[in-house]
Amino acid sequence: MDITITITDTEAKCLDRICADKSVWIQNAAIVRAYKESKEIRRILMEHCNANDIAMAVGEAAQVSQAFELGIVETAAESSAKAESEKPK
């Protein structure tokens, strides 16, 4: 998946001070954050499967997919929409 971002000239200058290639740095930051979330999703899945005698899928990608399919995790957009719908009117 390709994601395009826009940063200001000032933000670019600041990143130039800490990295030689902004694209690589930003990509690495996204990959590391996604991996941390993958670990959390897989932890939630393991607890759910153990508590409910459900066989876990094999492999990291399959386990992340299984957690979403079982509805035990949701996207940030789904969480926001749910929170918005539960607000008192």
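None of the figures in this text is laboratory data; all of them are computed from the coordinates on show. Every value quoted in this text rests on a predicted model; they were computed, and no experiment measured them. Note: ideal-geometry Cβ built from the backbone for every residue, glycine included; neighbour counts use all protein chains shown.
Quick notes on this structure:
- Tail weight of P(r) past 17 Å, computed on alpha-carbon pairs of the chain, percent: 65 percent
- Helix axis angle, 60-69 relative to the chain longest principal axis, alpha carbon, degrees: 60 degrees
- When only the Cβ of Lys, Arg, Asp and Glu is charged (+1, +1, -1, -1), the dipole of the chain relative to its Cα centre reaches about 260 debye.
- Considering only Thr75, Ala12, Ala30, the residue lying farthest towards the positive end of the dipole of segment 9-85 is Ala12, judged by Cα position with unit charges set on Cβ.
- Phi-based couplings in Hz for segment 33-42 (Karplus 6.51, -1.76, 1.60; Gly and Pro marked x): 5, 5, 5, 4, 5, 4, 4, 5, 4, 5
- Remark: spin-label model distance Thr6-Lys82 equals 3.3 nm, labels positioned 7 Å along the Cα→Cβ axis.
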